[in-house]
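Beneath this line is the structure, given in structure tokens, with notes to follow.
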Amino acid sequence: MPGRLRAISKLVPYFTTTAVACLIVLAVWGLVDLLMAPKDTVVIQVVPLGDDGQIRVQVDGAVERPGVYLLPPGSTEADAIAAAGGFVEEQPAGGDLARQLADGDLVRVGAESAEIEVKAGPVDINTAGAAELETLPGIGPVLAGRVIEYRERHGPFKSPRDLAAVSGISERMVSELEGMITAGTR
């Protein structure tokens with residue numbers, strides 16, 4: 001028995017060295033894979049809001065939680081602001097809080113101007129600036145910049161469906177934006 005233990009004890013350093021070498025190879029492989037991953041990948045998930053008779057209203061500006069909200073038909077500006085968590089500070093002067101909203105309306109509560117601005121209707125992708133494009137669900141500063149850059153390089157969009165030619169915007173996303181965008185001419 002002691003002879004076998006002596007033989008095994010002579011092999012232990014070789015097994016240990018092999019195990020350490022394997023771990024080093026796996027660590028280097030993982031590091032190379034991590035470093036080779038694309039850096040400019042943007043993942044955008046557009047969640048359908050549903051079509052159960054509710055209206056979609058974008059609330060921006062000096063509210064607690066700016067965003068797109070589903071509200072029942074007949075909702076007012078006050079309802080939209082309440083859905084967005086209310087005013088950040090005190091209620092700005094001006095605005096028509098009793099005005100009834102329609103699908104696609106934008107309620108912008110101004111922090112500095114102390115006014116409430118409402119823009120109804122779709123966003124014209126041929127004339128909208130970055131700020132207006134960013135009011136669309138799923139469009140942030142990066143995609144808004146790409147839309148404007150594409151428009152400047154290739155000319156005006158002929159239809160809203162042409163928006164899918166912009167890097168980072170899929171056909172599905174364009175479908176989700178249907179009714180919220182238009183491609184009027186310049």
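The values are calculated or read from the model by the stated rules, or taken from the named source; none is laboratory data. Keep in mind the model is a prediction, meaning the values are calculated, not measured. Neighbour counts run over all protein chains shown; Cβ positions are idealised from the backbone, glycine included.
Suppose we filter Leu136, Leu163 for residues that are in contact with a strand residue (DSSP E or B) (Cβ under 9 Å, 6 or more places away or on another chain) and over 23 Å from Asp60 (Cα atoms); which single one remains?
On the way: Leu136 fails: over 23 Å from Asp60 (Cα atoms).
Within the list Leu136, Leu163, the selection yields Leu163.
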Quiz prompt | Filter pass, Arg56 being buried (at least 18 other Cβ atoms within 10 Å of the Cβ), outside any loop (DSSP other than H, G, I, E, B), modelled with pLDDT under 85 and not aliphatic (A, V, I, L, M) | solution = no
Practice problem: Determine, yes or no, whether Ala165 is over 14 Å from the mean Cα position of the chain (by Cα) and closer than 20 Å to Asp103 by Cβ. | Solution: no
